[in-house]
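Scroll down for the structure; my scribbles are underneath it.
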Amino acid sequence: MSDRDIVYEILKIIQSGKEPKKEDIGADKESFYEWIEQIHDDKLVENISFSRGGSVNKILIVFANGAKLTKAGRDYIEFKEAGKI
């Protein structure tokens with residue numbers, strides 16, 4: 001699955017009102033956390049937070065219950081479904 005496909009899948013899960021989980025996309029915990037952080041940093045979703053720790057400020061837990069798509073997130077889905085990305 002390409003990067004864009006993974007982002008799309010996570011956004012579709014959030015759009016459906018569910019909390020995304022690593023099992024939904026077949027990712028390990030670390031990879032899943034990286035995807036969620038990137039989606040958050042790209043401002044595709046809101047209401048996601050992270051618990052961090054350790055010397056490298058590693059993500060320990062993702063809180064995505066109640067996550068919602070931003071306009072940019074909705075646009076991403078629309079463009080993906082229209083074949084524009």
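The values are calculated or read from the model by the stated rules, or taken from the named source; none is laboratory data. As the structure is a prediction and not an experimental result, all values here were calculated from the model. What goes into the accessible areas is simple: the full protein's heavy atoms, side chains included, and nothing from ligands, DNA or RNA. Shrake-Rupley method; radii C 1.70, N 1.55, O 1.52, S 1.80 Å.
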Helix axis angle, 29-41 relative to the chain longest principal axis, alpha carbon, degrees: 60 degrees
Per residue accessible area of the stretch 1-78, 1.4 Å probe, in Å²: 63 Å²
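Could you please state how large a percent of the accessible area of the stretch 1-69 is carbon and sulfur, counting protein chains only and using a 1.4 Å probe?
After summing per-atom areas, the C and S share lands at 45 percent.
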Tilt relative to the chain, helix 3-15 - C-alpha long axis, 0 to 90 degrees, to 10: 90 degrees
The chain: relative contact order in percent, alpha carbon pairs under 8 Å with at least 6 residues between: 31 percent
Helix 71-81 axis, angle to the chain major axis (alpha carbon atoms, nearest 10°): 60 degrees
